[in-house]
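Q: Quick one: the structure is below, and I'll ask about it shortly.
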Amino acid sequence: MLNAQQRALADRLFEEALTLPPEKQSAFLAQYCDDPEVRSEIESLLAFAGPRGATIERAVQQAAQDLLANPDRPPLDAGTQLGP
């Protein structure tokens, strides 16, 4: 079980790792996390989050990037359903 300091580090590094492509996450953790217990926790969280960190923040970030890349295209096609 992680102590408070380890938990804070794990939370911060997990959030940062989510912003990276999956193939770069391991190298990121190797560089910034030398605590095997913390690293194991982060790797577990990343595996649970899915290949690209399936979070609402990521979906919003991707939608914003798409909108900025294509400003003349409506952000959603007619009839698009959001959510389950």
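Q: Round to the nearest 10 and give me the degree value, 0 to 90, for the angle of helix 22-32's Cα axis relative to the longest principal axis of the chain.
A: The answer is roughly 40 degrees.
Q: For every helix of n ≥ 4 consecutive DSSP H residues, a contribution of -39,500 (n - 2.57) applies; sum these over the chain, divide by its total residues, and give [θ] at 222 nm rounded to the nearest 500 deg cm²/dmol. Walk me through the numbers on the way to the answer.
A: Working: 4 runs with 54 residues, N = 84.
Here the helix-only value at 222 nm equals -20500 deg cm²/dmol.
Q: Let me ask another. Where does each of 11-17, 21-27 land if you order them by average Cβ count within 10 Å, highest first?
A: Packing proxy ranking, top to bottom: 11-17, 21-27.
Q: Follow-up question, since we're still on this one. Cα axis of helix 56-69 to longest principal axis of the chain: angle in degrees, 0 to 90, nearest 10?
A: Orientation of helix 56-69: about 50 degrees from the principal axis.
Q: Largest first and to the nearest Å, give the Cα extent of the chain along each principal axis.
A: So the three principal-axis extents are 48, 26, 19 Å.
Q: Pick out, from LEU45, PHE14, ALA69, the residue whose Cα sits farthest towards the positive end of the charge dipole of the stretch 4-69, with +1 on the Cβ of Lys and Arg and -1 on the Cβ of Asp and Glu.
A: Ranked along the dipole, the leading option is ALA69.
Every number in this text was worked out from the coordinates using simple rules, so none of it is lab data. Here the structure is a predicted model, which means the values were calculated and not measured. Note that we place each Cβ from the backbone using ideal geometry, even for glycine, and neighbour counts take in every protein chain shown.
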